[in-house]
Structures are given as structure tokens and as C-alpha cells.
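The values are calculated or read from the model by the stated rules, or taken from the named source; none is laboratory data. The shown structure was predicted, so the numbers you read here are calculated from the model rather than taken from an experiment. Positions of Cβ are backbone-derived with ideal geometry, glycine not excepted, and every protein chain shown enters the neighbour counts.
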């Protein structure tokens, strides 16, 4: 929105422009060490919210949050997550999961 300065004979229009710089998230600066960190990094790179990733993986939003913050990932969800991380979200969503299997530690 221009700012106006009035003088005796003319009106002058001034325009102020500034560049907005948003810092890059730390998750994109460091190498992920766990499956949960990889999940979070991929989500941020794709500009997705946790609820969008949760819908693609067939889990709740709180489950995605838990995984991203170091909680254990159930063995039955590992193949879905790996499929999504590999870029095959359709295959990840359709993949048949075995019953409650072993737990995959994220640490």
C-alpha cells in the first residue's frame, strides 16, 4: 500500500518493499537418524501437515506426532512408512499389514 506525502504543489507516492526470510527448519539441516525423524523431514519437505500424513498412512494425527518425537513405531506400520518415504504413497496406503508384530524402535 503506497504512502503519500503531500507538498504544496504535488502529491508524491512512496513504495516500501521488504524481503521476508523464513529460516529453514532444523529438521532439514541435520541428517535424520531415526525412522520418525525421516518421516518428519519428508513431511516438511513436501509441505504437509501431520493430519495429511496420518490420512495417507491410515493412522491418527497423534500417532504421527508420537513417531516424529521418538515413540516406538509398531512393526505393522513400518512397511507403510517406508513405502511413503520411498515416494509410493498409493502402495503404502494399499499395503496389507500383518497382525501385531514386533516393534521397531525409532532410537
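Side notes on the structure shown:
- Test: residue 98 is at pLDDT below 85 and within 16 Å of the chain's Cα centre (by Cα): no
- Under the condition of being out of contact with any strand residue (DSSP E or B) (no Cβ under 8 Å at 6 or more places or on another chain), surrounded by 14 or more Cβ atoms within 10 Å (Cβ to Cβ) and within 20 Å of residue 25 (Cα to Cα), the residues counted in segment 39-75 number 14.
- Test: residue in segment 6-22 that is under 30 Å from residue 65 (Cβ atoms), within 14 Å of the chain's Cα centre (by Cα) and at pLDDT below 90: no
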